[in-house]
Structures are given as structure tokens and as C-alpha cells.
Amino acid sequence: MDFSGEMAAIQQQLARSHDMNVRRTRVLETLDAAPGERVLEVGCGSGLYLRDVGVAVGPTGAAVGVDTSEDQVRVAGAHCADLRQVDVRVGDLLALGGLGQPFDATLSVQVLEYVANVAAAVAGLADLTRPGGRFVNVATNWGALFWTGGNTALTARIVATWDEHAPHPNLPVALPSLLETSGFGGVRQAPVTIINRHFDPNTFGYGAARLMAAFALTRADVSSLDVEAWFSSLEEADAEGRYFLSSVPVLTTATRLG
């Protein structure tokens, strides 16, 4: 899926929601970037993680962010403009070069599931991580999404369409074996569960609904009228106390073996 234009704007707003702020804190604590370290973030988006990483590694370290979207890189560059240790560039995970020595840590958040040849992507990240270095990833297990309260038929249609948005919508299932094959060890996984009881702009569910609707509109079986009716049903469910969403992003960590 192409996170440029409208999709980039929606993603950037979602990234600043309360739920994503809570998740970002958890991920950064797990990454535990230290002064002087070199950290690579693939799929850096608008640079919210990258800026925090840049602050953590300080002027003696380096925080490198790459993304395939020029729109996202432009926003990330502006967000991190005052940090000389941050380098943001347009790049493809399967063709990264010129990044210097291997990194102390590699970070990817909601990225690898969009790479068709994910095995090659993980192998590439292994090459970019020094022996003893850390791998930190977040990917949502979309098959575990539970959403109720709105129009049941419309929710089912839009969620079913969303299953097509990424080559690997349930990446956490296969990721441990991919990591071990590529030279990582000590793989651990933990849920970063999200629960929403309100359809509010500051929640994950609201931003996810906007992303899903925008994606669904690129398919012939969902119309703008369908999307309007769906949002109205979710707002009504919220007003009546019937709205509920749960999502299960999975935090996966590993260590590059020597």
C-alpha cells in the first residue's frame, strides 16, 4: 500500500493519537537506544520514532531513517531538522546501500508486512545489524481484529477488503522462523493490545477506520455512500455505548547472532 498523499496524511494523524503514543513509548523503552549508538529505522514515516531515537543516541550517535514515500520523508526531515545526528532518506528496504557500518539496532514499525518478499527483507536487516545488535519490530496481527457496534455488514465488508492491503497481514505468525533463518536468535514476542470503547479522533480505531475506508474506496465493491453510512453507524454506536474495538499489535525482538 502506498502511504503518500491522502494516505500519508491519515497515517500521520493516526501516529499522533493517544493509542499510538502509548505504543511508541513501549517500543522505545524496548529498543533502549543509548548515547553513541547507530540505529536504523526502516519505514520511518513522519519521523516520530526517529526523533526520539535521535535524541537518545545524542550527537555522538546516528539515527538513520528510510522510507519509500517522499511525502513521509519530507515530513520526517522537517520534524528532525534540528538534530544533526538524524539522517532521513528515501529508500527501498530491499535495496539499501551506502549506510556505512552495521547498526547497533534496527527498528521497523508496521513496515515488514508490506514487503512482498519479506524473507529477503528480514535477511537484509540481518546484514545491516551488527553481531549482538538488536532487532525490534511491531506488526499487527490483523486476523485478531475485533470490531463491533457499527453496521455489521459494512464492517465485515470493509475489514475483508482491508485484508488485501498488505501481502502479510498476519506477519507475527511467521516472523520468528524468518528471523531465525536469517541469523537472529533470542526471539521474543509480546502483545501491545489496544482497546477502544469510543470512536474518537484521538483513538487508534478512528484512524484505522479512516485508513481502511480510504483503501476500500480503491476497490469497486465499496462506495463513498457505504463509507459515510459506516462512519455514521460507528458514531451512533459510540453515542449509545455500544462501540468496541480490540486490536493486537505484536512486539517482536531478537538479537543478531555472531
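Values in this text are rule-based calculations from the coordinates and carry no lab data. These numbers come from a predicted model, not from an experiment. Cβ coordinates were reconstructed from backbone atoms using ideal geometry, including for glycine residues, and neighbour counts include every protein chain displayed.
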| message | Can you tally the net charge around residue 134? Count Lys and Arg as +1, Asp and Glu as -1, for every other residue whose Cβ sits under 13 Å from the Cβ of residue 134. | response | -1
| remark: In debye to the nearest 20, the charge dipole size for region 1-150, taken about the Cα centre with +1 at each Lys and Arg Cβ and -1 at each Asp and Glu Cβ, equals 280 debye
| query | Taking the Cα atoms only, what angle lies between the long axis of helix 48-57 and the longest principal axis of the chain, rounded to 10 degrees? | reply | 30 degrees
| For region 187-200, 3J(HN,Hα) per residue [Karplus equation, 6.51 cos²θ - 1.76 cosθ + 1.60, θ = phi - 60°, Hz, x = Gly/Pro] | 5, 9, 9, 8, x, 10, 5, 10, 10, 10, 10, 9, 8, 10
| message | If I stretch the segment between residue 228 and residue 116 completely, what's the gain in nm (0.36 nm per residue apart, minus their alpha carbon distance), one decimal? | response | 37.1 nm
| Neighbourhood charge, 12 Å Cβ-Cβ cut-off, centred on residue 242 and excluding it, Lys, Arg +1 and Asp, Glu -1 | -3
| query | What do you get for Rg/Rh of region 81-162 when both radii come from the Cα atoms and Rh is the Kirkwood radius? | reply | 1.13
| said: Output wanted: per-residue J couplings in Hz (rounded whole) for region 129-142, from phi through Karplus 6.51 cos²θ - 1.76 cosθ + 1.60, θ = phi - 60°, x for Gly and Pro. | reply: 10, 5, x, x, x, 9, 10, 10, 9, 10, 9, 7, 8, 5
| task | Can you tell me how much longer the chain between residue 156 and residue 34 gets when fully stretched, taken as 0.36 nm per residue apart minus their C-alpha distance, in nm with one decimal? | result | 39.5 nm
| remark: Checked region 1-141 with the C-alpha gyration tensor, a ≥ b ≥ c its square-rooted eigenvalues, rounded below a/c of 1.5, otherwise prolate if a/b is larger than b/c and oblate if not; verdict rounded
| request: Among 59, 196, 171, pick out the residue whose Cα is farthest towards the positive end of the charge dipole of the chain, where Lys and Arg carry +1 and Asp and Glu carry -1 on C-beta, about the Cα centre. | output: 59
| query | Using r as the Cβ-Cβ distance of residue 181 and residue 92, and R0 as 25 Å, what FRET efficiency do you calculate, to the nearest 0.05? | reply | 0.70
| task | Express the relative contact order of region 6-256 as a whole percentage, based on alpha carbon pairs under 8 Å and six or more residues apart in sequence. | result | 23 percent
| field | FRET efficiency, residue 148 to residue 25 (Cβ-Cβ, R0 22 Å, nearest 0.05) | value | 0.20
| query | In whole angstrom, how far apart do the alpha carbon centroids of region 198-221 and region 54-76 sit? | reply | 27 Å
| Among 31, 96, 211, which one moves the most in a GNM of the chain with springs linking Cα atoms closer than 10 Å? | 96
| query | So how strong a dipole does region 6-256 carry about its Cα centre when Lys and Arg Cβ are +1 and Asp and Glu Cβ are -1, to the nearest 20 debye? | reply | 620 debye
| To the nearest 10 degrees, how steep is helix 152-162 against the longest Cα principal axis of the chain, on a 0 to 90 scale? | 30 degrees
| query | Say a site is exposed when it is one of the trypsin sites (Lys or Arg not before Pro), sits in a DSSP loop, and has at most 15 other Cβ atoms within 10 Å; what is then the longest site-free stretch of the chain? | reply | 85-196
| remark: If one compares the long axis through the Cα atoms of helix 6-15 with the longest principal axis of the Cα atoms of the chain, the angle in degrees, nearest 10, works out at 80 degrees
| remark: Computed curve, the chain, Cα-only Debye sum without solvent term, log₁₀ I(q)/I(0) at 0.15, 0.17 Å⁻¹, is -1.07, -1.32
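In a shell of Cβ-Cβ distance under 13 Å around residue 60, excluding residue 60 itself, what net charge do Lys and Arg (+1) and Asp and Glu (-1) give?
Taking every Cβ under 13 Å from that of residue 60, the sum is 0.
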